[in-house]
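Note sheet for the following structure.
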Amino acid sequence: MANPLYDTLFARHAGQSRPFLILSDGREISYAEFLGQVARIANHLTELGLKPGERLAAQVQKSPEALALYGACVQAGIVFLPLNTAYTASEVSYFIEDSGAALVVCDADAASLLAPVADNLGAKLATLNADGTGSLMEGATGQPDSFATVARKGDDLAALLYTSGTTGRSKGAMLSQDNLLSNAKVLVDEWRFTEADVLLHALPIFHTHGLFVASNVILAVGGAMIFLPKFDVDTVIAQLPRATTMMGVPTFYTRLLDDARFDREATQHMRLFTSGSAPLLAETHERFSARTGHAILERYGMTETNMSTSNPYDGERRAGTVGFALPGVELKICDPATGAPTPQGEVGQIEVRGPNVFQGYWQMPEKTAEELRKDGFFITGDLGLIDDQGYVQIVGRDKDLIISGGYNIYPKEIELVLDEQPGVLESAVIGVPHSDFGETVVGVLVAERGQQPDEAAIMAAAGATLARFKHPRKLIVVDELPRNTMGKVQKNILRDRYRELFASA
Ligand code: MCA
Ligand code: AMP
């Protein structure tokens, strides 16, 4: 095959008048129209001088054009680098620099801030707005609606997705065509997707969940997506009657359960609800079943591994578990200290190997070697066990990570900002339970002797550099941080101390 990912997900739908995207205003975009747009953008990217293997960084709102931009990169052999729309200019400039992106695509509103950054780093800049306007689409208009697909091999890179790091520096996870394709095919089979499916798509498309798990699966079968700009309870309930399936993070489901309209009748036509990106409480799973009669299918994955496990489509979907390793994926539980497999039923670090596992971190061979073993097993940093029926349970994290509403937040990145503030001697950032987001961020500060940190000024400083979802929801000043005999801050003690703060917020 010339370009396995493009040929399998996109090219086979050429000329099809079936709807691919259904928008909330009722407008429909057929596969044929979508592929025409993909080709026009691919032609324009080539005209702008982008070469296969170069990176295109996109910080754009969710829109049909933004998804077509992903397709255009696949067709033109360009490595797609999607970025969270909440990232600040200072966060984005790191990604542009680290990836050596040749083109930055952003909203016109962000262009004045990002243009000098791109210029400094030798990258071009184009704009794409939420309504599909902007210089990218102006350049694409009038281009031919066919494009000579660039040949790629299965191990060529298709995407670069940045994950935050425990050291505070984000790492670019290199995902090959085969990584994405193998996972899409497995999920289609495991979750029984067909051309008849209509997926309610309310996830952002700058992460694995919304971009690859959801969109690639639908593209692989030629189904349709109700493509919503964002998650909103009223819109989801209004659009639900046309859908057959929905994918979400736990916050989607707890918010829906808080609405009395979301009941058995409203969901009786649905075939499947899946959940992932963050732990789904067993209690949410049970409430959902009691209310709707549907057992949410929980699965587990990572940016670096795509999806690794899933509860069964047929058979018991066990609350509080993430099911079994997917076909082709090997999963083992190992002692974090020695790497040796732990006895069945005991907690250890989850390691996975398979065609789903990424190619390593972009230009970080040491980091890659630390987390990706020579034998191909990836050390996830998640702690789990395999129960007596073979279901994988995630019981915690070995990595210092907070997951808020499905977004990952690495405390180190925030601590580095807090530590720099006047009057702050040191800080520890922790995640505490939050009734809506699952977890939320709390910053615990120690003041410099005789000083009183200015909380408002600290929050303003955090706001200047860090995306809104990373901001501490509360700052607490303490006399000292609890430490163990080795001098390491005992975050578990802090988490216990403040666990009720937002538990019923
Ligand atoms: C928005 N805010 C957040 C979050 N989202 N704060 C913390 N955590 C968040 N996740 C901020 C907003 O900027 C706003 O700030 C305030 O919180 C309240 O916003 P709200 O209107 O409630 O938020 P929302 O716009 O409704 O968004 C919440 C959301 C959204 C719908 C849960 O965050 C979301 O779509 N999450 C999905 C994330 C996802 O797709 N993750 C997959 C990545 P202010 O106070 O200024 O108003 S993980 C992945 O891909 C792996 C591989 C996997 O396994 O899937
Ligand atoms: P990311 O790095 O954004 O891809 O997030 C991956 C992390 O999300 C994993 O390492 C887990 O900690 C977490 N995660 C994903 N799915 C689940 C799940 N179903 N249950 C618990 N944690 C999950």
*Considering every residue within region 309-323, establish whether at least one is of a type outside the set (S, T, N, Q), buried (at least 24 other Cβ atoms within 10 Å of the Cβ), in contact with a strand residue (DSSP E or B) (Cβ under 8 Å, 6 or more places away or on another chain) and under 16 Å from D178 (Cβ atoms).*
no
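Yes/no per residue for (1) under 30 Å from D7 (Cα atoms); (2) surrounded by 20 or more Cβ atoms within 10 Å (Cβ to Cβ):
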{"position": "V186", "(1), (2)": "yes, yes"}
{"position": "D232", "(1), (2)": "no, no"}
{"position": "P241", "(1), (2)": "no, no"}
{"position": "T244", "(1), (2)": "yes, no"}
{"position": "M247", "(1), (2)": "yes, yes"}
{"position": "F262", "(1), (2)": "no, yes"}
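Considering only region 309-322, how many residues are in a strand (DSSP E or B) and near ligand 2 (Cβ under 9 Å from one of its atoms)?
Adding up the residues that qualify gives 1.
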*Please state which of the following conditions Q61 fails to meet, knowing it meets all the rest: (1) free of Cβ contacts under 8 Å to residues at least 60 places away in the same chain; (2) over 16 Å from Q177 (Cα atoms).*
(1)
*Name the residues in region 37-80 that are more than 18 Å from G154 (Cβ to Cβ), in a helix (DSSP H, G or I) and among the aliphatic types (A, V, I, L, M), would you?*
V38, A39, I41, A42, L45, A66, L67, A68, L69, A72
*asked:* Restricting to region 240-261, give me the number of residues that are touching a Ser or Thr at 6+ places or on another chain (Cβ under 9 Å), farther than 23 Å from T208 by Cβ and within 15 Å of ligand 1 (Cβ to nearest atom).
replied: 1
*Enumeration of residues in region 136-185 that are in a helix (DSSP H, G or I) and within 27 Å of the chain's Cα centre (by Cα)*: L136, M137, Q177, D178, N179, L180, L181, S182, N183, A184, K185
*Is there any pair with a first residue in region 399-416 that is among the charged types (D, E, K, R) and a second that is within 10 Å of ligand 2 (Cβ to nearest atom) and assigned to a loop (DSSP other than H, G, I, E, B) whose Cβ atoms are under 9 Å apart and which are 6 or more apart or on different chains, and what are they?*
K399/Y410; D400/Y410; K412/S164; E413/S164
*Please specify each residue of region 1-41 satisfying the condition of being open to solvent by 20 Å² or more (accessible area, probe 1.4 Å), among the polar types (S, T, N, Q) and under 19 Å from M137 (Cα atoms).*
Q37
*Could you look through region 156-195, keep only residues that are among the hydrophobic types (A, V, I, L, M, F, W, C) and within 24 Å of D398 (Cβ to Cβ), and pick out the one that is farthest from ligand 2 (Cβ to nearest atom)?*
M174
*Which pairs do you get when a residue that is more than 21 Å from I205 (Cβ to Cβ), found in region 152-165, comes within reach of a residue that is away from ligand 1 (no atom under 14 Å from the Cβ) and open to solvent by 40 Å² or more (accessible area, probe 1.4 Å), reach meaning Cβ atoms under 6 angstrom, with the pair 6+ apart or on two chains?*
G154/D178
_Being open to solvent by less than 70 Å² (accessible area, probe 1.4 Å) and farther than 30 Å from Y87 by Cβ is the requirement here; does G463 meet it?_
no
*Which one of these does T85 not meet: (1) modelled with pLDDT of 95 or more; (2) surrounded by 16 or more Cβ atoms within 10 Å (Cβ to Cβ); (3) over 19 Å from S215 (Cβ atoms)?*
(3)
*asked:* Within region 278-308, take every residue that is of a type in the set (G, A, S) and out of contact with any strand residue (DSSP E or B) (no Cβ under 6 Å at 6 or more places or on another chain) and give me the one that is farthest from ligand 1 (Cβ to nearest atom).
replied: G293
*Across region 88-125, what is the total count of residues that are out of contact with any helix residue (DSSP H, G or I) (no Cβ under 8 Å at 6 or more places or on another chain), open to solvent by less than 30 Å² (accessible area, probe 1.4 Å) and in a helix (DSSP H, G or I)?*
4
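Assess whether L128 counts as being of a type in the set (A, V, I, L, M) and within 16 Å of Q37 (Cβ to Cβ). Explain how you work it out, then say what you get.
Details: of a type in the set (A, V, I, L, M): yes; within 16 Å of Q37 (Cβ to Cβ): yes.
Spelling it out, L128 is indeed of a type in the set (A, V, I, L, M) and within 16 Å of Q37 (Cβ to Cβ).
Look at L128 and say whether it is open to solvent by less than 10 Å² (accessible area, probe 1.4 Å), within 16 Å of ligand 1 (Cβ to nearest atom), at pLDDT 95 or above and not charged (D, E, K, R).
On the way: open to solvent by less than 10 Å² (accessible area, probe 1.4 Å): yes; within 16 Å of ligand 1 (Cβ to nearest atom): no; at pLDDT 95 or above: yes; not charged (D, E, K, R): yes.
No: the conditions fail for L128.
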*Collect the residues in region 275-298 that are open to solvent by less than 10 Å² (accessible area, probe 1.4 Å) and either assigned to a helix (DSSP H, G or I) or within 6 Å of ligand 2 (Cβ to nearest atom) (or both), keeping them in residue-number order.*
G276, T284, F288, T292
_Under 9 Å between Cβ atoms, which residue pairs at least 6 apart in sequence (or on different chains) link something in region 266-277 that is more than 14 Å from P241 (Cα to Cα) and within 16 Å of ligand 1 (Cβ to nearest atom) with a partner that is open to solvent by 40 Å² or more (accessible area, probe 1.4 Å) and not hydrophobic (A, V, I, L, M, F, W, C)?_
S277/H207; S277/Y407; S277/N408
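The values are calculated or read from the model by the stated rules, or taken from the named source; none is laboratory data. Keep in mind the model is a prediction, meaning the values are calculated, not measured. For neighbour counting, all protein chains shown are included, and Cβ atoms are generated from backbone atoms with ideal geometry for every residue, glycine included. For accessibility, only protein heavy atoms count, side chains too; no ligands or nucleic acids. Shrake-Rupley method; radii C 1.70, N 1.55, O 1.52, S 1.80 Å.
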